[in-house]
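What follows is a set of notes on a single structure, which appears directly below.
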Amino acid sequence: MEEFDKRIFEGLTALGLNKLQFAIIKLKSCNGTESISFSEVSCGYEVLRDKTKRRPCFFPFTLIFNDGVSFLETMEKASSDDIKNMEPHMKEAFLRLNAFYKAKEFNETCLKKVFDMKLNGEEMAATETDISITLAVHLLGKLAPGESYKIDNKARGKKSCRCGCKVTPVFDGTGIGHEQVWHGFIDIVFSSHLGIPAMANTVLDIEENSSKKRKVDGQDETKNDDSPGGKTITEVKQALPEHTLSQAIAQTIVFSLVQKQKHPDFLHHMIPNIVISPEKLEIMMYDSDNDVLLCSNPILLFNLDLPENRTLIDETVVIIWMVLHYRIFCTGLNKAKPYLLERCESNFRRLVASKWDIYSKSLKCCVPGFPSVENWPISELIQCGLTLTFESDDF
């Protein structure tokens, strides 16, 4: 039987300390009924609190991903026959995690080489696109189902990975949403080669330039990504300031609704978004079946005890792996009582009720661009409008 890296199970043990928790987000306001790119999204929010002592409420990561925790606990004691008789997609997922650990030191070196370009003040400091590519090549892509991915063709400074491995990704259209509501571009899409409708794709996104024009670049704007299965999104940031939360909320909600629209037969639609920087990450999730929005506390990517020789934290690696394979490891809220689900509703559906038909039926996925939405001058609108009188009652 193949020997499994013990650091996997050390990460599993650390998960039991419940360092990662999900707060339940309640939206008080948002501009989701307007034609808004992700970089311009605005949301007012608060966290769910209990009714008596007003304490913030949260779900442990180990509860939401109980299926993944249980699977690793089983694998720690698995025999060769257990491995042989395992379902192919479960076996493939675990072997991918084990393979990552076999090359963990090499990938750590590549990540740090690019991340530290800014810290060292190099003339050619790493850009967010550089960081996105390196994360895709040496971390997320290694842990996700399949190792095929494409990067947003609008990304600035398109080049090969700057660690020196010379891997050059494929660039293509990655827009999600709808031009009449929230919309924007995802940075990197990972495609699965598995035959099951599980985690087929992972998406990375970098912060958009707010002046970016919404245009169709002479391509078919309704082009779809027809690869099978679910997706998750990852937003790459050089830092995680508070103001980026609104953008992450919009991306998480839109992508979950896209998955529900494309794959209505999923057992649940609790879809994740990994918000990641070279130092730490947060996980957001939106359940489009129950209108529940979750946001985790930040966790570190590297152990900082020895900054010059920092290593990826085993618990964080296991968490990323489970989230990327959420289709088989996320338990979702199917076992939650109706009262709990009602208390946890984010209010998004209510806030965007006038545009709910678009969000539930007409969202686009992996398109190269969005047509402009014109705001006509009032003077022009009046010229083609309807004249009212004080007696008007049928208009």
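Each 10 Å bin from zero up to the one holding the largest Cα-Cα distance in the range 38-83 carries the following percent of pairs: 19, 23, 24, 19, 13, 2. Rolling a 1.4 angstrom probe over the range 248-395 with all protein chains present gives an accessible area of which 54% lies on carbon and sulfur atoms.
Comparing Met75, Val41, Thr52 along the charge dipole axis of the range 40-83, the residue lying farthest to the positive side is Thr52, per the Cβ-charge model. Taken about its Cα centre, the range 44-114 carries a charge dipole of about 520 debye when Lys and Arg each add +1 at the Cβ and Asp and Glu each add -1 at the Cβ.
Straightening the chain between Ala78 and Leu304 buys 78.1 nm, computed as 0.36 nm per residue apart minus the Cα-Cα spacing. 3J(HN,Hα) along the range 258-275, derived from phi through the Karplus expression 6.51 cos²θ - 1.76 cosθ + 1.60 where θ = phi - 60°, amounts to 4, 5, 5, 5, 7, 9, x, 8, 4, 5, 8, 10, 7, 9, x, 9, 8, 9 Hz, with x in place of Gly and Pro. Extension gain for Asn334-Ala353 works out to 4.4 nm (0.36 nm per residue, less the C-alpha to C-alpha distance).
Here r is the Cβ-Cβ distance between Arg343 and Glu34 and R0 is 25 Å; the resulting FRET efficiency, rounded to 0.05, is 0.30.
Restricting attention to the range 238-367, the count of lysine pairs at 8 or more positions apart or across chains with alpha carbons under 22 Å apart stands at 9. Here Tyr339 sits with roughly 140 square angstrom of accessible surface, probe radius 1.4 Å. Each of Asn66 and Glu391 was given a label point 7 Å from its Cα along the Cα-to-Cβ line. The distance between the two points is 6.9 nm. Packing-based ranking of 257-263, 306-312, 326-332 yields 326-332, 257-263, 306-312, ordered from highest to lowest mean Cβ neighbour count within 10 Å.
From the alpha carbon centroid of the range 166-190 to that of the range 261-337 is 20 Å. Model label points for Lys53 and Ser372, set 7 angstrom from Cα along the Cα-to-Cβ axis, are 5.7 nm apart. For Trp356, Trp182, the ranking by accessible surface with the largest value first comes to Trp356, Trp182, using a 1.4 Å probe. Label separation (Asn297 vs Glu105): 3.3 nm, computed from points 7 Å beyond Cα along the C-beta direction.
The values are calculated or read from the model by the stated rules, or taken from the named source; none is laboratory data. Since we're looking at a predicted model, the values are computed, not measured. Note that each Cβ is placed from the backbone with ideal geometry, even for glycine, and that neighbours are counted across all protein chains shown. These accessible areas exclude ligands, DNA and RNA; they are computed on the full protein's heavy atoms, side chains included. Shrake-Rupley method; radii C 1.70, N 1.55, O 1.52, S 1.80 Å.
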